[in-house]
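Right, one structure below, let's go through it.
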Amino acid sequence: MTSTINTNPNPAGRFGTFAGVFTPNVLTILGIILFLRLGWVVGQAGMWNALLIVFLANAISLLTGLSLSAVATSMNVKAGGNYYLISRSLGLEIGGAIGIPLYMSQAISVAFYIIGFTEALQSVPYFAAFDPRLISTAVALLFVLISYIGADFALKIQFVILAILISAIGSFFLGGWGEFSAPHITPLYTEGVTFWVVFAVFFPAVTGIEVGISMSGDLKDPSRSIPRGTIASILITAVIYMLVVVWFAFHAFDPMALIEDTLAMQSIALWPALILAGVWAATLSSALGSVLAAPRTLQAIAADRVLPHWMAGQMGSATEPRAAILVTGAIALFVIWLGDLNAVAPIISMFFLNTYGMVNLTAGIERFVSNPSYRPRFRVPWYISLLGAFGCYGVMFLINPLATVVAIVISYGVYFLLERRAMERTWGDVRSGFWFTVARFALLELEQQRWSPKNWRPNLMVFTGQPHNRQQLVEVSNWLSLGKGLVTFFQFIVGDVEFLAGHGTRQRAHKHIRNYIQENKMLAFAEVEIVPDFMEGVTAVAQAHGIGGLESNVALLGWSRTAEGRAMQMDLLRRLVSLQKSILFLNYVPQRGFGQRRVINIWWQGRGPNGDLMLLLAHLIQQHPSWDGAEIHLLRIIHSETGIEETKAHLVSLGKQVRVDVKPVIIVADSHKPIIEIIAANSADADLTMLGMQLPRHDDLAVYAERLDEMVRGVGSVLLVRSAETKEGLLVALE
């Protein structure tokens, strides 16, 4: 992987890498786990296993830091930290689904760390007499006031806390030089404790990188500071944790003492009192980091109007999210007075890990999809980021499977709520690029496949104009395509391309069709073309529409009401069939509509392209819920009663062969009786009638068109069908 850091300054920023990212991260990572739990980790797991635990946890943290750095150097990062990165890459809904639980975790963490500080403070006899909730409330109000005044003041306090932490760690390493034991390397795992239980206890120590990234809106140069500060803090604290593990292991005269004594550091330190000061500093630094990070996350979410916009208010400050600070303080105080928080703690950890997992997924997907807009200066291979995501979600289940499920359910709940609100955004995200990559791969694969009638699906060109003007064509296309094929609604605008396009006519018409599709919750595409002539437009579109194996194969039009229009449609029929496009004309009778949708009549003239296509289309329509329970009648004309049983048996056998329930209707008619009269007499009560069309001669277009019109005039709604197939029929698609 390569790293070339961007140096594009942010004029609104106030902090550099050390103060804005590195210090907040280090203060949060070197927290309670270091001072109160690392001795327990070494005592339980032994030196080698403890080092492995520290390595694995920091490896996941480092992978996340690399992914975070990659995404951060590919955009102009503003306020909101990980919420901003995720929402601008994966979309507002996913960003909100991660950001809202993340904010709540940060806000509640303020209370958790303050409560931890209070418990440590009460080890001093003087403070033991006070109600711990009053102490916690006082500290919370003090921190809210510090944050309200400004991050500048808060970060200066962090330097003091950092000095105390360094002194405490230094005291630990300066002690015990004359007293070494054989290293404790054999695990002691007490009852109910395993390697992964110890790992779960330690892992929250390395999740502190969230604080630094949350300061993104206050950094002078986010794309420079975030990678440097994040990765440096991970590497340096990892070394410190490993050195502490080794120092513990070489001073474990009694390994059980490491397990039972939470302040085991004091027994080794040169100045034990500094360890207690370090515990206080660790909890206060974590609380201060959270009280700085949480309001900035909330401000970014509210600024996108995912939450009420007033929460993004600065209340007279030029730099501080004061409304969000007050909301965060209120949540922290509520949690402090709530009481026992043990049930909530695991879920909070899951939300942090879920965020880190999504950061890794974001970087991996962005790199894999390779949108031209994704040009990170800090480059990380996509498989490295996905490995980090796998590590995050794996750790979630190892720590607490139930809390993991709860966290995921809450995140998905927020996602679906935001999706239903149809949140508007002014930026693009990686989802379109992801689907483009998938579609490109699928189309290239489809292009290589050998075509077979078994794979036939209707890919419909529906020439509706504006769909609301031809609802009957929309209905038929919906029946034919439901779960099976594709539909594109076409409108042709006849006129001068340069003039009409220049006035936005095409764009407005396209938008109207898209709105119609969305309002009716349809799965369809919209196309608007400016053409000099309707016939030439249809011919050109029929040849050009589609790509690879997804070329259009069926055209659906309304049956013309004029003799001139019908003659033109017969000419169009010849053109489309020559282009291997089947064609359907719908003669819709408004007074009849589609009746009760109980009977579909197919006038059967034997197996062949038209008959096969009609039976296949009838089967597709029958699958639609609005035609549930409808019967397909196969009407066959014979001229002698002696052939009734044989013909009926043949049609029943055909239905069984293709697994479609059909009802044979045998009509015995005099060979001299006009077919038009027979159809009118036997299909008058059908809800939909299907008739096959011949391929008319060039000199017979108008005559054939009028014959068809006379044939459908005495019937209800009719679908005239002409298959483009000339050899193997499509019924094999049902076999």
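The values are calculated or read from the model by the stated rules, or taken from the named source; none is laboratory data. Since the model is a prediction, treat every value here as computed from it, not as a measurement. Using ideal geometry, Cβ is built from the backbone for each residue, glycine included, and neighbour counts are taken over all protein chains shown. Calculation scope for accessible area: heavy atoms of the full protein, side chains included, ligands and nucleic acids excluded. Shrake-Rupley method; radii C 1.70, N 1.55, O 1.52, S 1.80 Å.
Below is a table of values for the structure above.
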{"item": "In segment 657-704, residue modelled with the highest pLDDT [restricted to those that are of a type in the set (S, T, N, Q) and out of contact with any strand residue (DSSP E or B) (no Cβ under 9 Å at 6 or more places or on another chain)]", "result": "GLN657"}
{"item": "The one condition in (1) crowded, with 20+ Cβ neighbours inside 10 Å; (2) within 20 Å of VAL395 (Cα to Cα) that GLY192 fails to fulfil", "result": "(1)"}
{"item": "Output for segment 293-326, where each listed residue is touching a residue at least 40 places away in the same chain (Cβ under 8 Å), assigned to a helix (DSSP H, G or I), farther than 18 Å from SER109 by Cβ and open to solvent by less than 10 Å² (accessible area, probe 1.4 Å)", "result": "none"}
{"item": "Extreme residue, modelled with the highest pLDDT, among residues of segment 55-91 that are over 22 Å from ARG228 (Cβ atoms) and surrounded by fewer than 24 Cβ atoms within 10 Å (Cβ to Cβ)", "result": "PHE55"}
{"item": "Condition met for ALA273 (assigned to a helix (DSSP H, G or I), under 33 Å from the mean Cα position of the chain (by Cα) and on the phi < 0 side of the Ramachandran plot)", "result": "no"}
{"item": "Yes/no for ALA97 being of a type in the set (Gly, Ala, Ser), open to solvent by less than 50 Å² (accessible area, probe 1.4 Å) and closer than 30 Å to PHE368 by Cβ", "result": "yes"}
{"item": "Qualifying residue in segment 472-481 (condition: in a strand (DSSP E or B), of a type in the set (A, V, I, L, M) and surrounded by 13 or more Cβ atoms within 10 Å (Cβ to Cβ))", "result": "no"}
{"item": "The listed residue being free of Cβ contacts under 8 Å to residues at least 24 places away in the same chain and either polar (S, T, N, Q) or within 25 Å of ALA705 (Cβ to Cβ) (or both), out of ARG575, ARG508, ARG514, ARG561", "result": "ARG561"}
{"item": "2 or more residues of a type in the set (Ser, Thr, Tyr) and in contact (Cβ under 8 Å) with a residue 24 or more places away in the chain: qualifying helices (runs of 4 or more DSSP H) within segment 125-196", "result": "132-149, 151-174"}
{"item": "Tally, over segment 702-718, of residues that are within 23 Å of PHE594 (Cα to Cα), part of a helix (DSSP H, G or I), open to solvent by less than 60 Å² (accessible area, probe 1.4 Å) and not aliphatic (A, V, I, L, M)", "result": "1"}
{"item": "Subset of segment 335-350 (residues that are at pLDDT 75 or above and either part of a loop (DSSP other than H, G, I, E, B) or open to solvent by less than 40 Å² (accessible area, probe 1.4 Å) (or both))", "result": "VAL335, ILE336, MET350"}
{"item": "Scope segment 212-221; condition assigned to a helix (DSSP H, G or I) and either hydroxyl-bearing (Ser, Thr, Tyr) or open to solvent by 10 Å² or more (accessible area, probe 1.4 Å) (or both); matching residues", "result": "SER214, SER216, GLY217, ASP218"}
{"item": "Near pairs, Cβ below 6 angstrom, 6+ apart or cross-chain, from segment 379-392 (touching a residue at least 60 places away in the same chain (Cβ under 8 Å)) to any residue that is open to solvent by 100 Å² or more (accessible area, probe 1.4 Å)", "result": "ARG379/MET1; VAL380/MET1"}
{"item": "Complete set of residues in segment 526-565 that are open to solvent by 20 Å² or more (accessible area, probe 1.4 Å), at pLDDT 85 or above and over 29 Å from ASP700 (Cα atoms)", "result": "GLU527, GLU529, ILE530"}
